[in-house]
Amino acid sequence: MPKPLKKFLVTTGGILGTLLVAVVAFTGLSPQLGGTPTKADRAIYAKSGHYNAQEGQFVNLIPTRQMTGSSLPAVMWKFLFHKSPQAAPPGPLPQQPLDSLAITQKTPDMVRVTWFGHSASLLEIAGQNILLDPMLGVKMGPVSWATPKRYNPALAITPEKLPYIAAVLISHDHYDHLDYETIRKIKDKVGRFYVPLGIGPHLRAWGVAPAHITEMNWGDSVRLPGLTLRCTPSRHFSGRGLTNRNSTLWCSWVVQTPAKRVFYTGDGGYGPHFAAIGRQYGPFDLALVECGQYNESWADIHMVPEQSVQAARDVRAAVMLPVHWGAFTESLHAWNEPVTRATAEATRLGQVMTTPHLGEPVTLGAALPQTRWWE
């Protein structure tokens, strides 16, 4: 090997090694990483039917690969050099400010949802406020310079201006769904956090009182005044650090009143669980469906838009609201490709779909926002 090349490789390897050690040390010390389950916690997980105690990891209902086809170096190369020129919008997306007073103006029989971008949404149902995966920050994770930035410099409403929240539903512990800063800002105005198994230690580490946390397994349900919350399967993975992959469960959510039913997919690949949920708990008046941040190498853990529409059909949703787009660039496709493809597929299959602006409320029984504002 020529001396200059050898020197370059040694120097580059040393720099990368130093950076890796620094990142590991920083994330290990950062509170963003979350908490660690106790021995008693793990004993509970082992009884869930979805936990490999020997490996200390939760598992999916069917075989699921976190990466398909390409190798990790090949994927990294594509992310560095082959992103779509339109991977991010040219500027902030149109957004409708949400006044906290407007949230208090509702009737017990009204169902209204407001999408804030990505998957964060406010569901108003049975006269109560339910927050879904409230990532309400502009920066993401413990190393914000290395993670995607939100397209808009501010959200339709800040966490501080939210009124009392009866329940926060978390689908899994990835940084774009479980946000440390948001949890810290809203924890004292939340009645209870309902989370899949394993996320309780994160919340406890961030100052949420254990009495305000309910960890749930797939199939578990709880009753709130006028409604039922059900933790249902998804096909995904979890982890906030380099050493805790799949240490927490992932899920979807069913929110049900005597008259209305709403489904939220969380993140995950397409699978037979959607049809099973549709048969057992559907039909649904509204389904918030993951639609974005897909890649051919993530075929088992994220859906392409056509699969997202099919998932809405499988759960028997009267209306589909595509989420997991419109806030961050986490894959290679154009920022608006998910909604463009989903709209075309929904039209082909006759699936009603609503496409509100960020912060624009969608009220069931009223005219649905359906403008093609992303074009």
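The values are calculated or read from the model by the stated rules, or taken from the named source; none is laboratory data. Everything numeric here is computed off the predicted structure, so don't read it as measured data. Please note: Cβ atoms are built from the backbone with ideal geometry, for glycine as well, and neighbour counts cover all protein chains shown. Just the protein is used for accessible areas: all its heavy atoms, side chains included, with ligands, DNA and RNA removed. Shrake-Rupley method; radii C 1.70, N 1.55, O 1.52, S 1.80 Å.
The table that follows gives values for the structure above.
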item	result
Answer residue from region 131-174, given it is crowded, with 22+ Cβ neighbours inside 10 Å and of a type in the set (Val, Ile, Thr) and is farthest from Asp188 (Cα to Cα) among those	Ile170
Those residues of region 299-327 which are crowded, with 23+ Cβ neighbours inside 10 Å, of a type in the set (Gly, Ala, Ser) and either outside any strand (DSSP E or B) or at pLDDT below 95 (or both), in sequence order	Ser308, Ala311, Ala312, Gly326, Ala327
Test: Gly269 is within 22 Å of Asn60 (Cβ to Cβ) and not in a loop (DSSP other than H, G, I, E, B)	no
Within region 123-149, considering residues that are in contact with a helix residue (DSSP H, G or I) (Cβ under 7 Å, 6 or more places away or on another chain) and aliphatic (A, V, I, L, M), the one modelled with the lowest pLDDT	Val143
Positions within region 175-207 being part of a loop (DSSP other than H, G, I, E, B) and open to solvent by 10 Å² or more (accessible area, probe 1.4 Å), in sequence order	Tyr175, Asp176, Leu197, Gly207
Lone qualifier among Glu290, Glu296 - being in contact (Cβ under 8 Å) with a residue 24 or more places away in the chain, under 26 Å from Asp173 (Cα atoms), of a type in the set (Asp, Glu) and surrounded by 24 or more Cβ atoms within 10 Å (Cβ to Cβ)	Glu290
Hits in region 208-230 (condition: open to solvent by less than 20 Å² (accessible area, probe 1.4 Å) and over 30 Å from Gly282 (Cβ atoms))	Val208
Any chance Pro369 is touching a Ser or Thr at 6+ places or on another chain (Cβ under 7 Å) and either among the basic types (Lys, Arg) or without any contact (Cβ under 8 Å) to a residue 40 or more places away in the chain (or both)	yes
Pair list, Cβ under 7 Å, 6 or more apart: region 203-229 residue over 19 Å from Ile130 (Cβ atoms), other residue open to solvent by 30 Å² or more (accessible area, probe 1.4 Å) and of a type in the set (Ser, Thr, Tyr)	Trp206/Tyr180
